[in-house]
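Enquirer: Mind having a look at this structure? Questions to follow.
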Amino acid sequence: MSRHASAVRARLLILGGGYVGIDAYRAVMRQLGPQVRRGQVEITVVNSTPYHTFHGFTGEVLGGVLPLERTLTPLRDLLPQARVIEATVTRAELPMQRVHVQDQAGRTSTLCYDHLLIGTGSRDPFERVPGLREHGWRLKDSRDMQAFRAHLAQRLADGQPTTLAVIGGGFAGVEMAAALRERLTRAGVPGEVDLLCSGGVLDCLQARFGGLAAHARQALQRAGVQLHLGRRVTEIRAGEVRLEDGASLRADEILYAAGIALSVLPGTEELPRDGAGRLLTDDFLRVQGQTRLWTGGDAARVRHPARAGDCPVNALWAMKHGMWAGHNMARSVQAWSLKRFSYRGLGQVAGLGRGDGVGELFGVPLTGAAAWWLRLLFFVWYMPSKRQGARAFAAMLRPPRRRGTPAPALQPTGG
Ligand SMILES: Cc1cc2nc3c(=O)[nH]c(=O)nc-3n(C[C@H](O)[C@H](O)[C@H](O)COP(=O)(O)OP(=O)(O)OC[C@H]3O[C@@H](n4cnc5c(N)ncnc54)[C@H](O)[C@@H]3O)c2cc1C
């Protein structure tokens, strides 16, 4: 069907093709699908890569259990009715309701909108950790992850002794350390995995689920991960991690999983933010004080609807923010009243290597195989593409290969 500009009632522009962006698109389609198909409502999604990255299985990817491709899904498959633009958003002009983008070839263009959703997530905190950019491996961007995978696979294929330092005692760091330890053992390559935490292991669970944090700590120790608790990293150098107490730790490869930082899109400096740079929202996922500007996920600070404090910063909450923001954006287009964000959470879970994990579902603690299965099923269910989820599930049940083989070039598979 041809689209006539005069018939377009609303232009919805989504910045970021991550969890927020995908779920916002889906929520809009649920309500305005017929109008989108008739060309009366336009959805445009801008993302710096042509695919969505699922971070939940980072441990399995590093551990050589899951090909990286299984965690990448082309955005065009996920957003069939949207105009998908592979470009970087460089600047916004909020009073003019437009943003400027630049593609990889350097071509620039301007996109106008009636409603704007900022779902650009977070980035690695380079300025907080000197040496991270030059000497540390980061895993947020799938291209960095691919580079590390290829490098590690080559080392293991060559049988090179390898010491790996993982910085960060949260969910991502713990999962990576456990997975890498398993991989070294499986490859039969001498080496060590060190986990450096400024506090303890899974401190976020300590207050309500101290037993789970203890289980994780013991499982890591049993697996042979060297724990360095209460050791804050101040700098990363070539082959060396510098610590706050003046000591240092040598490592062949240093991986960073200890926090995020926010970028402020030029032109949005005046919007209300917290000290970390996250956009402040109202109860409907609008940026505070704005009627056509929406946000969620890592980029936003959203008040938890059921208890004191903010929503956790993770993929599940990003999806729910996206869903609510998309839903309210669609209601706004229809001039309907908005729905207050009321999602209350589900639980949290961390993998500790094959067959083990810790987690809680609606406050019920789980450990061992039960937690591992819960995590697997939960993640597969929440992957943005069911086909990719099924492939990931099948790959995870296969016994992993013993030796590292060099990783192939990055090639996302269809969703
Ligand atoms: C290594 C790692 C492991 C993790 N493991 C887990 C886990 O096990 N469970 C869990 O719940 N959470 C996990 N997380 C956290 C989770 O991935 C984030 O909370 C989630 O991605 C936030 O979703 P989002 O949509 O806000 O941002 P993202 O998913 O990061 O999406 C933002 C998108 O915006 C794009 N973008 C950014 N800036 C621009 C720009 N200027 N122009 C165009 N595009 C732009 C990015 O390319 C990206 O595609 C992990 C994170 C990392 C890094």
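Enquirer: Might you check whether a residue that is surrounded by 20 or more Cβ atoms within 10 Å (Cβ to Cβ), within 16 Å of the ligand (Cβ to nearest atom) and either more than 17 Å from the chain's Cα centre (by Cα) or outside the structural domain of LEU152 (by TED's automatic domain parsing) (or both) occurs anywhere in the range 31-38?
Expert: Checking the range 31-38: not a single residue is surrounded by 20 or more Cβ atoms within 10 Å (Cβ to Cβ), within 16 Å of the ligand (Cβ to nearest atom) and either more than 17 Å from the chain's Cα centre (by Cα) or outside the structural domain of LEU152 (by TED's automatic domain parsing) (or both).
Enquirer: To continue, here is another question. Being at pLDDT 95 or above and either open to solvent by 60 Å² or more (accessible area, probe 1.4 Å) or away from the ligand (no atom under 16 Å from the Cβ) (or both) is the requirement here; does GLN206 meet it? Let's see the steps before the verdict.
Expert: Numbers: at pLDDT 95 or above: no; either open to solvent by 60 Å² or more (accessible area, probe 1.4 Å) or away from the ligand (no atom under 16 Å from the Cβ) (or both): yes.
For GLN206, the condition - at pLDDT 95 or above and either open to solvent by 60 Å² or more (accessible area, probe 1.4 Å) or away from the ligand (no atom under 16 Å from the Cβ) (or both) - is not met.
Enquirer: If we keep just the residues of the range 22-65 that are of a type in the set (Asp, Glu) and touching a residue at least 60 places away in the same chain (Cβ under 8 Å), which is farthest from GLU86 (Cα to Cα)?
Expert: Filtering first and then ranking leaves GLU60.
Enquirer: Any idea which residue in the range 105-140 is farthest from the chain's Cα centre (by Cα), counting only those that are within 11 Å of the ligand (Cβ to nearest atom) and assigned to a strand (DSSP E or B)?
Expert: LEU117
Enquirer: Being under 30 Å from VAL89 (Cβ atoms) and open to solvent by less than 60 Å² (accessible area, probe 1.4 Å) is the requirement here; does LEU164 meet it?
Expert: No, not satisfied.
Enquirer: So, THR281, is that one of a type in the set (S, T, N, Q), within 21 Å of the chain's Cα centre (by Cα), open to solvent by less than 50 Å² (accessible area, probe 1.4 Å) and within 11 Å of the ligand (Cβ to nearest atom) or not?
Expert: It is false that THR281 is of a type in the set (S, T, N, Q), within 21 Å of the chain's Cα centre (by Cα), open to solvent by less than 50 Å² (accessible area, probe 1.4 Å) and within 11 Å of the ligand (Cβ to nearest atom).
Enquirer: Taking the criterion of being surrounded by fewer than 20 Cβ atoms within 10 Å (Cβ to Cβ) and either on the phi > 0 side of the Ramachandran plot or of a type outside the set (A, V, I, L, M, F, W, C) (or both), would at least one residue in the range 173-186 satisfy it? Walk me through how you get there before you give the answer.
Expert: Going residue by residue through the range 173-186, those that are surrounded by fewer than 20 Cβ atoms within 10 Å (Cβ to Cβ) are 185-186.
Pick out the ones that are also either on the phi > 0 side of the Ramachandran plot or of a type outside the set (A, V, I, L, M, F, W, C) (or both) and you get 185-186.
Checking the range 173-186: at least one residue is surrounded by fewer than 20 Cβ atoms within 10 Å (Cβ to Cβ) and either on the phi > 0 side of the Ramachandran plot or of a type outside the set (A, V, I, L, M, F, W, C) (or both).
Enquirer: Let me ask something else about it. Which numbered condition in (1) open to solvent by 30 Å² or more (accessible area, probe 1.4 Å); (2) within 14 Å of the ligand (Cβ to nearest atom); (3) in contact with a Gly (Cβ under 9 Å, 6 or more places away or on another chain) is the only one that LEU265 fails?
Expert: If we test LEU265 against (1) open to solvent by 30 Å² or more (accessible area, probe 1.4 Å); (2) within 14 Å of the ligand (Cβ to nearest atom); (3) in contact with a Gly (Cβ under 9 Å, 6 or more places away or on another chain), just (3) comes out false.
Enquirer: Between residues in the range 217-230 that are in contact (Cβ under 8 Å) with a residue 12 or more places away in the chain and on the phi > 0 side of the Ramachandran plot and residues that are part of a strand (DSSP E or B) and surrounded by 13 or more Cβ atoms within 10 Å (Cβ to Cβ), which pairs lie under 9 Å by C-beta distance while being six or more apart or on different chains?
Expert: Listed pairs, sorted by first residue: GLY224/GLU192; GLY224/VAL193.
Enquirer: Let me ask something else. Can you spot a residue in the range 64-83 that is under 20 Å from the mean Cα position of the chain (by Cα) and among the basic types (Lys, Arg)?
Expert: Yes, the range 64-83 contains at least one residue that is under 20 Å from the mean Cα position of the chain (by Cα) and among the basic types (Lys, Arg).
Enquirer: In the set ALA257, ALA247, ALA207, which member is closer than 23 Å to ARG149 by Cβ and small (Gly, Ala, Ser)?
Expert: ALA257
Enquirer: Here's something else I'd like to know. How many residues does the range 284-322 hold that are open to solvent by 40 Å² or more (accessible area, probe 1.4 Å), closer than 23 Å to ASP114 by Cβ and β-branched (Val, Ile, Thr)?
Expert: Here the count works out to 1.
Enquirer: When residues of the range 352-362 are filtered for being of a type outside the set (A, V, I, L, M), open to solvent by 10 Å² or more (accessible area, probe 1.4 Å) and either in contact (Cβ under 8 Å) with a residue 24 or more places away in the chain or assigned by TED's automatic domain parsing to the domain that holds VAL302 (or both), how many remain?
Expert: 4
Enquirer: Specify the residue that is farthest from ASN47 (Cα to Cα); the eligible residues are those in the range 247-267 that are assigned to a loop (DSSP other than H, G, I, E, B) and not aliphatic (A, V, I, L, M).
Expert: ASP252
Enquirer: I'm trying to understand the selection: among the residues of the range 45-66, which are open to solvent by 10 Å² or more (accessible area, probe 1.4 Å), in contact with a Pro (Cβ under 8 Å, 6 or more places away or on another chain) and more than 9 Å from the ligand (Cβ to nearest atom)?
Expert: PRO50, GLY64, VAL65
Enquirer: Just to be sure I understand, how many residues within the range 191-216 are in contact with a helix residue (DSSP H, G or I) (Cβ under 8 Å, 6 or more places away or on another chain) and part of a loop (DSSP other than H, G, I, E, B)?
Expert: 4
Enquirer: Turning to a different aspect of this structure: Would you be able to tell me the number of residues in the range 287-343 that are of a type in the set (S, T, N, Q), away from the ligand (no atom under 16 Å from the Cβ) and touching a residue at least 40 places away in the same chain (Cβ under 8 Å)?
Expert: Qualifying residue count, the range 287-343: 4.
Enquirer: On to the next question. Criterion first (more than 18 Å from the chain's Cα centre (by Cα), buried (at least 18 other Cβ atoms within 10 Å of the Cβ), more than 17 Å from GLN388 (Cβ to Cβ) and of a type in the set (D, E, K, R)) does GLU42 satisfy it? Quick ask: steps written out before the conclusion?
Expert: Values: more than 18 Å from the chain's Cα centre (by Cα): yes; buried (at least 18 other Cβ atoms within 10 Å of the Cβ): yes; more than 17 Å from GLN388 (Cβ to Cβ): yes; of a type in the set (D, E, K, R): yes.
For GLU42, the condition - more than 18 Å from the chain's Cα centre (by Cα), buried (at least 18 other Cβ atoms within 10 Å of the Cβ), more than 17 Å from GLN388 (Cβ to Cβ) and of a type in the set (D, E, K, R) - is met.
The values are calculated or read from the model by the stated rules, or taken from the named source; none is laboratory data. Keep in mind it's a predicted model, so treat the numbers as computed, not measured. Backbone-built Cβ (ideal geometry, glycine too); neighbour counts: all protein chains shown. Please note that ligands, DNA and RNA were not included when accessible areas were found on the heavy atoms of the full protein model with its side chains. Shrake-Rupley method; radii C 1.70, N 1.55, O 1.52, S 1.80 Å.
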